[in-house]
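The values are calculated or read from the model by the stated rules, or taken from the named source; none is laboratory data. Just so you know, these numbers come straight off a predicted model, no measurement behind them. All Cβ positions, glycine included, derive from the backbone under ideal geometry; neighbour counts span all protein chains shown. Just the protein is used for accessible areas: all its heavy atoms, side chains included, with ligands, DNA and RNA removed. Shrake-Rupley method; radii C 1.70, N 1.55, O 1.52, S 1.80 Å.
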Amino acid sequence: MNLTEKIISRHLVSGGELPSAGEVVLLTIDEAFTQDATGTMCMLQLEAMGIKRVKPLSVNFVDHSMMQSGFRNPDDHEYLRTVSRKLGIIYSPPGTGICHFLNIENFVKPGMTGIGADSHTVNAGGMGAIFFGAGGYDVALAMATGEYSIPMPQVVQVHLTGALPEGVMAMDVILKMLSIVGVKGGKGKIFEYAGPGVASLSLTERATITNMGAEMGASTSIFPSDERTREYLVSRRRGNDYQPMAADEGAQYADRIDIDLSGLEPLIAIYPSPGNVEKISEHAGTPVNQVCVGSCTNSSFENIASFAELLKGQRVAVDTLLYPGSRAVAMQLANSGYITSLWQSGVRVMENGCGACIGQGGSPVSKGLSLRTFNRNFPKRSGTADAQVHLVSPLVAAASALSGKVSMPDRRVEITSAPQVDDTASFVMPIPQQQAEQVEVVRGPNIMALPDFDGLPERLEGEVLLKLGDNISTDDIQPAGIYLPLRSNVKEYAMQATFNQVDSTFSERAVAHRDTGGHGVLVGRENYGQGSSREHAALCPRWLGIRAVVVAQFARIHVANLVNFGIVPLTFRNMGDYEKVNQGDRVSIDVSNLEADLFMIVNGEKLPLDPAFEPKDVEVLKAGGALPYFKATHRG
Ligand code: MIC
Ligand code: SF4
């Protein structure tokens, strides 16, 4: 068996044979977690399920909505702190660090399964574990039941040979992968890294690579667990959590990709997509206005120490912001003298958290170019509508920060190591259930009740409210950044933000259509819903009256979120039909039997559609979404 099959077969709820690719598989889940921007909605749904205590190891991290300009974000955090205490969930307060980074530092063990309400949950694959990103409802259900179902992915081997040359980093490996696979080529796949090159990569380098598997639309990625894994766990005083894990000799894979690490060079993902990968050498000399280092992709001690080493003794030429991955990393940087040297170089050392990556501060100047070691450069995500973001490694970020232009690292860096530090101020651990039941959950005015949604009518009759193109991301559908404080307030978030950067009239038009009894329809093309796991990109459109989305192809997590909120996800059987539909057209779709042939009637034509949902989703869609379905089937 390959490593993926080994871990999955140990976690099959029903035991027995491994399912074939595409078949829905129900897995036991060892860990489930959220972060604050997805966590409040997840917790509201968990509470609505009537759950008294979570089953698997569960964590609520606070790392995204860190700006406290007003009561909303602090209200969300207080709700998360108290609801965690009530339900037996570990709480990670603001300042502790980024969820994915903290997860590998503290919780993930080789061989585990997990899901998290964030697309980069797949970061944990660097530890030899199978972790998936999912919407908040699916995470709530996993916390309640200890189970998660997913179509069984194909396993693709990524065979690594050689070792990274000077100046080339793990970021360049995953950018290379993106250049091979593209932003949708990972759909339905697990990338399993193997080969003699694996041993040359440290655990955090591996996590950089698995992290950005999300940008290829992959279900997840995984590395074997070996001596390098042990080394990391020992450094975290978690040596007992180590167990070696690898594929069997001669294991079978659906496909294979070969990468010679020694042959790589520094790469750059050019705005507006992580998939636009080019060589740094082709862009050298382009003026840069800002440099940002950190995010769940590149904020390990090694990453930041390498960045600091290259800067040492010199001053940055442009605004340079750094976000350490965790308080433990920040303390290690302090103890090894790097925080001081970073300050001396003029770097702004920011809070341990997502920060500029999710547009919570750190926006670039108008029409500026920001070089970031992050994983996404979608339009407007930085908070400055006309700015551009390119993605690079920490060494390229350092060289470019010094020169003010896209630059190659020009010298070798040796980093000074320092012992890892325990962050004793961080996690709030669960209390015994009897005590927990007495805890009062604090719901400030920012915590709004979940909206009620009705079941699916027999026929959807309404208007195409937006016609969109390829690669619409959840940042296009439901922007984050300055809107994060609205994550617990569906109505406000929908009215202020849904598609507002695509068409500022959308929310008003949608509500007017909904209130006259219309069923809103969205039309798009390839890779619809790429990017984040935020279920608000389904929840808010549903609140605005969207009942069906018809596209060429969906991204994995988003399609599950649409089902969870009762929006029917459909694909054009004949792609040419996309041209026959226009914004503003009246459409009609008979959904009385979701298992029958489905058609969209538009402009007097009958266009055949295919379901993008699974047979198991039919009842959920009919009930109007996952929560109404859960309540109906778990009554009494
Ligand atoms: C992101 O990087 O887009 C986020 C913010 O972490 C999202 C989650 C969210 O929108 O809350 C993700 O990746 O899933
Ligand atoms: Fe946070 Fe950015 Fe990672 Fe999302 S991608 S979890 S916003 S650091």
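Tabulated values for the structure
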| read-out | value |
| --- | --- |
| Estimated 222 nm signal from helices in the chain, with DSSP H stretches of n ≥ 4 weighted -39500 (n - 2.57), rounded to 500 | -8000 deg cm²/dmol |
| Local electrostatic count at HIS519 - Lys and Arg +1, Asp and Glu -1, tallied over other residues with Cβ under 9 Å | +1 |
| Probe 1.4 Å, all protein chains present, accessible-area order of ARG206, ARG556, ARG256, largest first | ARG256, ARG556, ARG206 |
| With eigenvalues of the C-alpha gyration tensor scaled by 5 and rooted, the chain, Å | 37, 27, 26 |
| Given charges at beta-carbon only (K, R positive; D, E negative), |dipole| of the stretch 21-114 in Debye | 340 debye |
| Residues whose placed amide H lies under 5 Å from that of ALA612, excluding near-sequence neighbours | LEU570, THR571 |
| The stretch 1-98: proportion of alpha-carbon pairs further apart than 20 angstrom, % | 49 percent |
| Pairwise FRET efficiency - ASN574 versus ASN603, Cβ, R0 = 22 Å, nearest 0.05 | 0.90 |
| Interchain or long-range residues, amide H under 5 Å from PHE61's placed H | THR34, GLN35, ASP36, SER92 |
| Computed over the stretch 541-596: relative contact order in percent, which uses C-alpha pairs under 8 Å that are six or more apart | 33 percent |
| Cα-projected label distance for GLU458 with SER281, points at 7 Å along beta-carbon direction, nm | 6.8 nm |
| Which listed pairs, of LYS380/LYS405; LYS367/LYS467; LYS367/LYS405; LYS279/LYS405; LYS6/LYS187; LYS184/LYS380, have C-alpha distances above 24 Å, in listed order | LYS367/LYS467 |
| Student exercise, the stretch 382-439 dipole from Lys, Arg, Asp, Glu Cβ charges, in Debye to nearest 20 | 360 debye |
| Proximal charge balance of PRO409 [Cβ under 12 Å; K/R count +1, D/E count -1] | -3 |
| ARG10-ARG315 FRET efficiency (beta carbon distance; Förster radius 56 Å; 0.05 resolution) | 0.60 |
| Residue-normalised accessible area of the stretch 235-354, given per residue in Å² at a 1.4 Å probe | 41 Å² |
| Highest average packing first - 382-388, 170-176, 55-61, Cβ atoms within 10 Å | 170-176, 55-61, 382-388 |
| Most to least packed among 258-266, 468-476 [average Cβ atoms within 10 Å] | 468-476, 258-266 |
| Ranked order, ARG586, ARG534, ARG443, ARG81 - accessible area, probe 1.4 Å, largest first | ARG586, ARG443, ARG81, ARG534 |
| Debye, to nearest 20: dipole size of the stretch 325-409, +1 on Lys, Arg Cβ, -1 on Asp, Glu Cβ | 180 debye |
| Spacing of the two label points (7 Å from each Cα toward its C-beta) at LYS467 and ARG238, in nm | 5.1 nm |
| Full-stretch length increase - SER588, GLN433 - with 0.36 nm per residue and alpha-carbon distance subtracted | 50.7 nm |
| Derived scalar couplings ³J(HN,Hα) [the stretch 588-593; Karplus, 6.51 cos²θ - 1.76 cosθ + 1.60; whole Hz; x for Gly, Pro] | 9, 10, 7, 10, 5, 10 |
| Accessible-area order (highest first, 1.4 angstrom probe) of the listed residues TYR137, TYR253 | TYR253, TYR137 |
| Per-residue ³J(HN,Hα) for the stretch 396-405, Karplus 6.51 cos²θ - 1.76 cosθ + 1.60, θ = phi - 60°, Hz, x for Gly and Pro | 5, 4, 5, 4, 6, 5, 6, 8, x, 9 |
| Hits among lysines - C-alpha to C-alpha of LYS86 under 23 Å, sequence gap 8 or more where chains match | LYS52, LYS55, LYS631 |
| Formal net charge of residues neighbouring ASP138 (Cβ-Cβ distance under 11 Å; K, R +1; D, E -1) | -2 |
| Distance cut-off 19 Å, percentage of C-alpha pairs in the stretch 539-618 lying past it | 35 percent |
| FRET efficiency, 1/(1 + (r/R0)^6) with R0 35 Å, evaluated for ASP515 and ALA449 via beta carbons | 0.95 |
| Area accessible to solvent at MET448, 1.4 Å probe radius, in Å² | 80 Å² |
| Residues with amide H under 5 Å from that of VAL24, placed H, sequence gap 5 or more | MET152 |
| Per-residue HN-Hα couplings for the stretch 337-352 [Karplus 6.51, -1.76, 1.60; θ = phi - 60°; Hz; x = Gly/Pro] | x, 6, 4, 4, 5, 5, 4, 5, 7, x, 7, 8, 8, 9, 6, 6 |
| Relative packing of peptides 502-512, 357-367 - highest average C-beta neighbours within 10 Å first | 357-367, 502-512 |
| Reach of LYS312 by Cα under 19 Å, taken over aspartates and glutamates that are not fewer than 8 positions away in the same chain | GLU166, GLU302, ASP410, GLU414 |
| Length-normalised contact order for the chain - Cα pairs under 8 Å, 6+ apart - percent | 14 percent |
| Surface share of carbon and sulfur [accessible, 1.4 angstrom probe, percent] for the chain | 48 percent |
| Relative contact order [Cα under 8 Å, 6+ residues apart], the stretch 306-464, whole percent | 24 percent |
| Most positive-pole-ward Cα, GLY126, MET152, VAL62, against dipole of the stretch 17-168 from beta carbon charges | VAL62 |
